[in-house]
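Here's the structure we're looking at; comments come further down.
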Amino acid sequence: MPAPSPSAAVVVREHDDQPFYEAKFIHRWVEQDPATGKEMKRHRQVKRRIGPAWLDRSPHTGKWDLRRKGRVPEGHYDQRGATVRAAAIAAGYVTDAGDLERANRERRSHGATFREVATEYLRGLNDVAGAKPATLRDHGYMLGEPGAPYKRGTGARTGHVMAALGDRPAANITTREIDQLLVRVSATGTSPRTVNKYRSVIAAAFSYGCKPSTFALPANPARDADKRREPQPGALVFYTPEEVEAVARALEQGRHRDPSRPAVSEQERQARDAEDRQDAELVRLAAYGGLRQGELLALHWRDVDFAGSALTVARAMSAGVEASTKSGRVRRVPLSDQAAAALDRVSRRENFVSPDDLVFANVLGRTLDDSALRRRYRRAQAGAGVRALRFHDLRHTFGSLLAVAGVDVVTIKAAMGHSALATTARYLHARPASEQAAVFTDAFRTSRVGADAAEVA
């Protein structure tokens, strides 16, 4: 255990001919030998800088005179002030050293803390698993320290997980503790889906820590934590082609812009007009091509095959970084005339039309800001007077309109890049019930059943 605060000596040092005070003391403590269990006395000499010294150099001896007259400026020390400060430094050092030693003893007794496990998990997620930037961002947010500032804006992270589990030995954390943590997260008003995300991220960190090659934790307590019941997804909502065009026209005509903030120059007006026209075509391609927002923002001209009427979707923007698509696969999407016309209009601009250029780019040819794009889209919806659907619902519009037209579900699955047919089957709700009722009616006709039975016989 740490010894009482040691006596600190005050000495004068100098740097670049400027004097400063330094505290010098011996830190003594007793610790247990891990091999024999016997107590051992330890000591360490410690030096800590105090601050600028209020001294004059003696003209007779050339040494620093401790009797300089006058009021000591703020931030400087005379000998008396330096002595008081040295005692405080020595006491603080001993306290900190004791806290550190206690933490080290706990770590030796119980193993790594959850903070250490989570830090290594996030590093492995990036270096080994090669997770997408958006995944790294989301997991890093949920496992972030409380009070850490956001990268954007003025807010700070709540750090629910680290506040509750960070300093706890990971091997000692119980399912009950995690359940209590999830209750606190839920009490903030967040959705059941978000609470389940917290549970999933904590479980992933523990799964990493359970590996023999990492921390060899004995169990994953998050696996048995209570999972929130999430509401069943409702029927997919989508726009009609007329509504898509209404939103696109609102963007083209600048109805999403604040009229109280007009362009200050002709050059700015032209740049705004070009941006508005591009946003309109981006909305059209989202609805008539079915690309996700990240896929639209990562689309290059080399991916557009006008002659073959197809788009190659090979990558997507993830947290501002180009990455693979959500499924990790490249797909080729048939290019309808409506989607091809939108791309053709974009291709007529003066700049950024070479194969390696982005199809949808800002004035510098760089990637569009996804958040700003969504804000412009929402304002355009209001300007067009249509339903306020999410940007992602433009993709649902693509799948639903294909289903209405009678396109088979396997073809829709391939065009949208779904991994499972069950995901695509959700779009079948868009087909009119009367159409399906007619098919059902035909199946139950007596004459047809009798004819089929005769053929079998």
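Some observations on this one:
- Of all DSSP beta bridges in the chain, antiparallel share, percent nearest 5: 95 percent
- Per residue of the chain, the DSSP helices (runs of n ≥ 4 H) give a summed -39500 (n - 2.57) that works out to -14500 deg cm²/dmol at 222 nm.
- Between 0 and 90°, nearest 10: helix 433-443 axis offset from the chain longest Cα axis: 60 degrees
- Each of (i) 1.17; (ii) 1.00; (iii) 0.95 is a candidate for Rg/Rh (Cα atoms, Kirkwood Rh); the one calculated from this structure is (i).
- C-alpha center-to-center spacing [the stretch 326-384, the stretch 158-220] in angstrom: 40 Å
- For TYR121, the accessible surface of its heavy atoms amounts to roughly 20 Å² (probe 1.4 Å, protein chains only, rounded to the nearest 10).
- To the nearest ten degrees, helix 446-456 and the longest principal axis of the Cα atoms of the chain are 90 degrees apart.
- Which of ASP408, ASP303 is most accessible, then next, and so on - probe 1.4 Å: ASP408, ASP303
- 0 to 90° range, to nearest 10: angle between helix 370-384 axis and the chain longest Cα axis: 40 degrees
- Take THR174: with every protein chain present and a 1.4 Å probe, its accessible area is about 60 Å².
- Cα-Cα over 18 Å, subset of LYS326/LYS413; LYS47/LYS69; LYS24/LYS63: LYS47/LYS69; LYS24/LYS63
The values are calculated or read from the model by the stated rules, or taken from the named source; none is laboratory data. In this text the structure is predicted, and so the values were computed from the model without any measurement. Ligands, DNA and RNA are stripped out before the accessible areas are found, and what is left, the full protein with its side chains, is counted by its heavy atoms. Shrake-Rupley method; radii C 1.70, N 1.55, O 1.52, S 1.80 Å.
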